[in-house]
Amino acid sequence: MNMKKKLRIMIVEDQHIFRKGLILLLKEYPGVEIFAEASNGKEFLEIIEKERPDIVFMDIQMPVMNGIEATKLALDLYPDLRIVAISMFGDEEYLVSMLEAGVKGFLLKTVEEHELHKAIDLVSDGKNYFSDELLPVLTNSLVSRKTKSDPAEPELREELTRREVEVLSLICKGFTIKEIADQLFISQRTVDGHKANLFRKTGVDSSVKLVTFAIKNNLYKL
């Protein structure tokens, strides 16, 4: 008998009708249960003080406390929490901030059921999921921000090798060091070496910044 534990999902969304609709949709997906719901970031943080869900679907623009601030605070306290941003078209400037805050992916509020299930499967497995519709929007927003930003912003200092590009792509997808090693048939120590080279060549110091850099500079494509 399969006694696999159900995935506990939390919805943080201020629009009552959308929140209830998403909950109904999720209840139909086998292996999932609704952990909790909240209408703003403050409520969300109060709920997860006692117990944490497996996945959080987080709206961006909310009253009291928005999704960006809530995500930053939550991941500072609980770095392993898996948060997926849910947004409307027009939220481009906020998507970058959510990515930099450490979300595991993005979904549009017009998401189809099959895409929602795919996102759940990938994120629950520790991977990232970026909606096909939102990735070009995110890339354009990052490129636009780059042109307006401080000239000291990191730029590629040295050409990446083919293997480094492969490692970078898998990091962007959310693979762990062990999973990258298994995927590429190399040792974890070798992966660590490639990752160190990526940090040096891109001038960043964390995996989240590496993902941002890769998307911004068209080094990562789905």
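The values are calculated or read from the model by the stated rules, or taken from the named source; none is laboratory data. These figures come from a predicted structure and were not determined experimentally. Backbone-built Cβ (ideal geometry, glycine too); neighbour counts: all protein chains shown. Just the protein is used for accessible areas: all its heavy atoms, side chains included, with ligands, DNA and RNA removed. Shrake-Rupley method; radii C 1.70, N 1.55, O 1.52, S 1.80 Å.
Residue-by-condition table, conditions (1) at pLDDT below 90; (2) open to solvent by less than 50 Å² (accessible area, probe 1.4 Å); (3) not in a helix (DSSP H, G or I):
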| residue | (1), (2), (3) |
| --- | --- |
| D132 | yes, no, yes |
| V137 | yes, yes, no |
| V165 | no, no, no |
| L168 | no, yes, no |
| G193 | no, yes, no |
TODO: Return yes or no: is K42 in a helix (DSSP H, G or I), in contact with a Gly (Cβ under 8 Å, 6 or more places away or on another chain), basic (K, R) and farther than 22 Å from K6 by Cα?
DONE: no
Within the range 46-75, restricting to residues that are in a loop (DSSP other than H, G, I, E, B) and over 24 Å from K6 (Cβ atoms), the one that is least open to solvent (accessible area, probe 1.4 Å) is I60
Note: among E69, E37, E43, just one is charged (D, E, K, R), over 17 Å from the mean Cα position of the chain (by Cα) and under 23 Å from S131 (Cβ atoms), namely E37
Only one of I23, I86 is open to solvent by less than 20 Å² (accessible area, probe 1.4 Å), touching a strand residue (DSSP E or B) at 6+ places or on another chain (Cβ under 9 Å), within 30 Å of I180 (Cβ to Cβ) and not small (G, A, S), namely I86
Scanning the range 2-52 for residues that are under 25 Å from E112 (Cβ atoms) and touching a Phe, Trp or Tyr at 6+ places or on another chain (Cβ under 8 Å), the one modelled with the lowest pLDDT turns out to be L22
Quick check: is even one residue across the range 76-94 at negative phi, in contact with a Phe, Trp or Tyr (Cβ under 9 Å, 6 or more places away or on another chain) and either among the aromatic types (F, W, Y) or part of a helix (DSSP H, G or I) (or both)? no
